[in-house]
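S.K.: Right, I'll just put the structure down here and ask away after.
Any read-out appearing in this document is the output of simple, stated calculations on the displayed coordinates, not a laboratory observation. These numbers were taken from a predicted model, which means no experiment stands behind them. Here Cβ is always computed from backbone atoms with ideal geometry, including for glycine, and neighbour counts include all displayed protein chains.
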Amino acid sequence: MGIQKWSDEITVVELFDSPQFADDVSALMEELDGAATDVVLNFTGVGYINSSDVSSLLRLRKKMAALGRRLMLCDVTPPVYGVLKTTGLDKMFDFAGDVATALATFQLAGPIEAEDAEEDDEAAEDE
């Protein structure tokens, strides 16, 4: 797995197919305990996801909301997006076409405001 600190505020993670997918997301969650950042998940190396992978993504999303940080998925392949759309999860995640666009989106949006973090946290608790 490639966890790369792009800046003090943003981490970029390159993901791959199972069984490595869930392990990589778990490692990322442990790293976030030490230093919470916004996260870009690069799905270039992911051709499919299974129910365990979906569960890992949902746990990560909940943790990110609790930390008041943002999560963006990028380079999502059509089969993976199809699973997310079929399950309705496409509405729960933010997407970008590629890593550069995701980084630019975070930078242009600026730091997350405390009020926005509270709203995200409440939404994660409702799930």
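S.K.: Let me spell out the model: positive unit charges on the Cβ of Lys and Arg, negative unit charges on the Cβ of Asp and Glu, origin at the Cα centre of the chain. What dipole size does that give, in debye rounded to 20?
M.R.: On the way: 9 positive and 26 negative charges, 100 e Å.
I would put it at about 480 debye.
S.K.: Between SER52 and ASP33, how many nm apart are label points set 7 Å from Cα along the C-beta direction?
M.R.: The answer from the label model is 2.1 nm.
S.K.: Quickly rank 27-33, 69-75 as a protection proxy: mean count of other C-beta atoms within 10 Å, highest first. List each step's numbers first, then the result.
M.R.: On the way: 27-33: 14.4, 69-75: 21.4.
Descending packing order for the listed peptides: 69-75, 27-33.
S.K.: Select from THR105, THR86, THR37 the residue whose mean-square fluctuation is largest in a Gaussian network model of the chain (Cα-Cα springs shorter than 10 Å).
M.R.: Maximum among the listed residues: THR86.
S.K.: Ok, one more. Given the C-alpha centroids of segment 3-38 and segment 41-109, what is the distance between them in whole angstrom?
M.R.: Comparing the Cα centres of segment 3-38 and segment 41-109, I get a distance of 12 Å.
S.K.: Summing -39500 (n - 2.57) over the DSSP H runs of n ≥ 4 in the chain and dividing by its residue number, what mean residue ellipticity at 222 nm do you reach, to the nearest 500 deg cm²/dmol? Numbers along the way, then the final one.
M.R.: Numbers: 5 runs with 65 residues, N = 127.
Rounded to the nearest 500, it is -16000 deg cm²/dmol.
S.K.: Still on this structure, I have one more. Please report the antiparallel percentage of DSSP beta bridges with both residues in the chain, rounded to the nearest 5.
M.R.: 25 percent
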